[in-house]
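Student: What follows is a single structure, and I will ask about it in a moment.
FYI, it's all coordinate maths here, none of it is from the lab. In this text the structure is predicted, and so the values were computed from the model without any measurement. Here Cβ is always computed from backbone atoms with ideal geometry, including for glycine, and neighbour counts include all displayed protein chains.
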Amino acid sequence: MRVLTLDCGTTRIKAAVFEITGRGAEGRPSAVKAPVKLWIERMGGPSTEATAAEQDRSHLDVDHYLQRVFELLRRVSEEEPSVDALCPSICCPALVALDSSFRPLYPALTHLHQAGQPHSAKLVSTIGRERWLETTGNLPVPGGISISALWWLGANRPRVVAEARYWVHLQSVLLYNFTGRLATDPTQAAYTGLYDVQGASGWLADDWLEQFGVRREQLPEIVPSASVAGKLTHEAAARSGLAEGLPVVTGGADIPTGLLAAEEVIPEAALNISGTTPIVAASCGHCPKPAENYLLRPHLVPGRWVVVKVSPVGGETLNWFRERFCREMSPDRFWELVAALDVKVEQVIEDQSVEGEGVQLLEFIPYLHGYRHSLEPKKAAFLGLSSETTREDMLCAVLVAYRRFLHEATQEVAAAVGRPLVNVVTSGGYDISALGFHRRAALSRSTLIPLEAAVVRGAAVLAAMALENA
């Protein structure tokens, strides 16, 4: 059986074809071996009315995004024409308002959208922190739970809210364009603020939805992640070059999908993905107590839950540093510099551990793109700058913060799932070799297992599970 999988992120879209043979953990079909072929394309796109610059990935032009996905699928179909199923996995959350013709009314608001912070605070003050956690399992943090983005639209683009017939994530937009069915899965639904995460029972009661201005009929149908959402339509087949009637698996959010691949490598392994922001995730067979310092999702396998912690400093921050302070460097040269600073960063960390009180060493406060675990606004800063500070010193401070926050994220996830993270599968798109030394230092208490393109691998396992269940 050959399956075609997608990993649709904010900076890259990936596709892969896998030959599914044999069994992995828990008797599930295994796809963690190397794919038959892997395609990776970097996302770019036109500016929109809401996009200050092309590099602003808090907004994604939905039509352009769909065009790029279908272009990649056509390329795959030309090079690997024989596949038995398609399974997408998509970045989350990415809120989209659709009109009655299923057309996007506004760019997708991604996990990098932090402007909803005042609305998140209002949501919590109205309902109460404890009730939010008890009811949904998560606080409505900006960039983490999409109800905050919906309220931001209500305050800033009331016409969009007035005309919205459906509220969905980008996953549902892709599934509709593939199959004609507007659907989502529990891992995506969990990041709306409108879903029962702890009970994994579906959308919350009407009184909960209505207090936020949402009607049940505006939400997509929730179907199992490992299920066939539908068949590829005639129109989608013409755009993609794939066969009409090809089974399309519902799929899931990117982090649970990557974790599924990690757990195929080693049962109970955690996952660290280094993308726009570093993420640590691990699962357990009981629902952890909801808390403010992590996000809670159902697992792709029913009866398990996933704890997710997002560090505020990673690839997006380093890209910002290069664009502001190292413009004369090519990306390759910049990442070579990042890799070469291993010894200097170690020295900075040692100096910080021995300096006495009252000595201000250079420090980077890393909340450049906000923080997905805080309702309060957080800003970035360099502390301790002097006339002698160099850009290399500043880059070292960023890397020190990268290490510290990644280490703390791992410890918090371990505490939430109730076990040490002995094995961590590492994956992601941001120049892993350059950040490799710093990541190993941050996760020094764990055994690291590199796995290229974990999300597309997990999607292949999910596709095989769905086809077995069909």
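Student: For the pair Thr21 and Val160, how long in nm is the line joining their label points, each one 7 Å along Cα→Cβ?
Tutor: 4.8 nm
Student: Using per-residue counts of other Cβ atoms within 10 Å, averaged over each peptide, order 111-122, 84-95, 336-347 from highest down.
Tutor: Top to bottom by mean Cβ count within 10 Å: 84-95, 111-122, 336-347.
Student: Where in the chain are the helices, taken as whole DSSP H runs, whose Cα atoms extend 18 angstrom or more along the long axis and whose Kyte-Doolittle mean reaches at least 1.0?
Tutor: Those that clear 18 Å and a mean of 1.0 are 454-469.
Student: I've got another one for you. Could you list Lys309, Lys37, Lys231 so that the one with the fewest beta carbons within 10 Å of its beta carbon is first and the one with the most is last?
Tutor: Ascending Cβ contact count within 10 Å gives the list Lys37, Lys231, Lys309.
Student: Relative to the present Cα-Cα distance, how much length would full extension add between Phe325 and Arg216 at 0.36 nm per residue of separation?
Tutor: Taking 0.36 nm per residue and subtracting the Cα distance, the gain is 34.4 nm.
Student: Related question: Label Lys379 and Asp332 with points 7 Å out from Cα along Cα→Cβ: what is the distance between them in nm?
Tutor: 3.9 nm
Student: Can I ask one more? Cβ neighbours within 10 Å, averaged per peptide: list 409-416, 445-452, 276-283, 196-203 in order, most packed at the top.
Tutor: Most protected by this proxy first, the peptides run 276-283, 409-416, 196-203, 445-452.
Student: Given the DSSP H assignment, sum -39500 (n - 2.57) over each helix run of at least 4 residues in the chain and divide by its residue total; what's the result at 222 nm in deg cm²/dmol, nearest 500?
Tutor: Mean residue ellipticity at 222 nm (helix-derived): -11500 deg cm²/dmol.
Student: Sticking with this one: Take the range 148-302, compute every pairwise Cα distance, and split them into 10 Å bins from 0; I just need the percent in each bin.
Tutor: Computed distribution, short to long bins: 10, 32, 35, 20, 3.
Student: Is there a quick way to get the dipole size of the range 315-450? I mean about its Cα centre, with the Cβ of Lys and Arg at +1 and of Asp and Glu at -1; what is the value in debye to the nearest 20?
Tutor: Result for the range 315-450 is approximately 540 debye, rounded to the nearest 20.
Student: I need the GluC sites (Glu not before Pro) found in the range 227-322, filtered to DSSP loop residues with at most 15 other beta carbons within 10 Å of theirs.
Tutor: Counting only loop positions with at most 15 other Cβ atoms within 10 Å, the GluC sites (Glu not before Pro) in the range 227-322 are Glu244, Glu292.
Student: What lysines sit close enough to Lys378 to cross-link, taking a C-alpha to C-alpha distance under 18 Å and skipping anything fewer than 8 places away on the same chain?
Tutor: List returned: Lys122, Lys309.
Student: Given a Förster distance of 56 Å, report the FRET efficiency between Ala243 and Ser387 from their Cβ-Cβ distance, rounded to the nearest 0.05.
Tutor: Given R0 = 56 Å and the Cβ-Cβ separation, E is 0.30.
Student: Next question. Binning at 20 angstrom from zero up to the longest distance, how are the C-alpha pair distances of the chain distributed in percent?
Tutor: Pair shares across the bins are 25, 59, 16, 0.
Student: Once you treat every alpha carbon in the range 315-450 as an equal point and sum by Debye, what is log10 I(q)/I(0) at q = 0.10, 0.13 Å⁻¹?
Tutor: -0.37, -0.63
Student: Explain nothing, just the number: dipole magnitude of the chain about its Cα centre with +1 on each Lys and Arg Cβ and -1 on each Asp and Glu Cβ, in debye rounded to the nearest 20.
Tutor: The calculated dipole for the chain is roughly 480 debye.
Student: State the antiparallel share, in %, of DSSP beta bridges confined to the chain, rounding to the nearest 5.
Tutor: Bridges in the chain that DSSP calls antiparallel: roughly 70 percent.
Student: For Gln347 and Lys37 in one chain, what is 0.36 nm times their gap in residues minus the Cα-Cα distance, to one decimal in nm?
Tutor: 107.4 nm
Student: Would you please put 381-393, 319-331 in order of how densely packed they are, using the mean number of other Cβ atoms within 10 angstrom per residue and starting with the highest?
Tutor: Descending mean neighbour count gives 319-331, 381-393.
Student: Run the numbers for Gln411 and Arg445: contour at 0.36 nm per residue of separation, minus the present Cα-Cα distance, in nm.
Tutor: That works out to 11.3 nm of additional length.
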